[in-house]
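Taking it in order: structure first as structure tokens, then the write-up.
Computed from the coordinates by the stated procedures, all read-outs in this text should not be read as laboratory data. What you see is a predicted model; the values in this text were computed from it and never measured. Note that we place each Cβ from the backbone using ideal geometry, even for glycine, and neighbour counts take in every protein chain shown.
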Amino acid sequence: MPHRNAPLTETGRLRLARCVVEDGWPLPRAAERFQVSPTTAQRWADRYRALGEAGMGDRSSRPHHTPRRTPTRTERRIIKVRLLRRWGPARIAHLLGLVPSTVHRVLTRYRLARLTHLDRATGHVIRRYEREKPGELVHVDIKKLGNIPDGGGHKVLGRQAGRKTRRNAGYSYLHTAVDDHSRLAYSEIHADEKKETATAFWQRAHAFFTGAGITVERVLTDNGSCYRSRDWRDSLAAAGITYKRTRPYRPQTNGKVERFNRTLLDEWAYPRPYRSDIERREAFAGWLHSYNHHRGHTALAGKPPASRVPNLTRQYT
């Protein structure tokens, strides 16, 4: 197969070479006829003289000799450390006395998966999936978040003063439901993670998805105590929803809501110094609206979740 940037196909090269070698065309005339440079015409003519029709194919651009390439023994050590310890280029380079860029090139050359694509416990590549339609699967999870004392925490007052004001500040619990296909999210902040709170949250989340035209078929959670309760199970069963739990110690199975939690911390909870927990809570609704309607999602080709839920844009502004 010719290179994608090649000016001629293999058939065109053969025609050009035969015009020069067999028909006696001057190089400038052949080059003009086939719209290439005289140098290119000379190259294909020379190859035809030496190899015939077999010489019209592409050759590898890989150099014959690479004297500065990392020794094979060193490459094997890099790969061994990566497979056994699952370290990144910087840590491997420090251990072996190399430069991180050298380690990165070796890992790339041997097509070793990125650490973010691996299950840290087993080292196996995580199989990514996405449901075909909204509502086919909804991920539910709870994120525990430390409260901000009145007057601000260490980001406002400094590290030493922040430690004093943080005492007895308590925690908040963010209950979140994320649709697998669209990444549409519904989230609330509560004071606990009890079964009654989780069940009531899901009933409101279910109403939100229904209002957006989404029929929820399955719900996936971790093995938290509130999700093992009879209240939670009966609430889903009454709505005709299939309920599944992840395997123990496998949070990546519920990865879409786990990734939402990380985005939530990076873009809402910790991006700026809040002076109270009330101030941070007041900013939550606006951030969640922006996430659903305006923030581009890398898994959705830079579009927001609302782009995959047609009814959402019409009913919620």
Residue-averaged 222 nm ellipticity for the chain, from DSSP H runs of 4+ at -39500 (n - 2.57), nearest 500: -13000 deg cm²/dmol
Exposed-loop-free span, longest in the chain, where GluC sites (Glu not before Pro) count as exposed if DSSP calls them loop and at most 15 other C-beta atoms lie within 10 Å: 23-129
Degrees between helix 72-85 axis and first principal axis of the chain (Cα, 0 to 90, nearest 10): 20 degrees
Helix axis angle, 277-293 relative to the chain longest principal axis, alpha carbon, degrees: 40 degrees
Cβ-based net charge around Gly286, under 14 Å, with every Lys or Arg adding one and every Asp or Glu removing one: +1
Shape category assigned to the range 72-117 from the gyration tensor of Cα positions, a/c cut at 1.5: rounded
Exposed-site-free run, longest, the chain (rule: trypsin sites (Lys or Arg not before Pro); DSSP loop; at most 11 other C-beta within 10 Å): 168-317
P(r) tail fraction, the chain - alpha-carbon pairs more than 37 Å apart, %: 47 percent
Cα long-axis angle, helix 255-264 against the chain (0 to 90 degrees, to the nearest 10): 80 degrees
Chymotrypsin sites (Phe, Trp or Tyr not before Pro) within the range 244-317: DSSP coil, no more than 14 neighbouring Cβ in 10 Å: Tyr249, Tyr316
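Starting from the coordinates of the alpha-carbon atoms of the range 197-317, obtain the Kirkwood hydrodynamic radius over all distinct pairs and give the value in Å to one decimal.
For the range 197-317, inverting the mean 1/r across all distinct Cα pairs yields 16.4 Å.
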The chain, relative contact order [Cα under 8 Å, separation at least 6], %: 13 percent
Footprinting exposure proxy for Ser225, Ser307, Ser187 (fewest neighbouring C-beta atoms within 10 Å first): Ser225, Ser307, Ser187
In sequence order, calculated HN-Hα J values of the range 93-109 (Karplus, 6.51, -1.76, 1.60; Hz; x Gly/Pro): 4, 5, 5, 9, x, 10, 8, x, 5, 5, 4, 4, 4, 5, 4, 5, 4
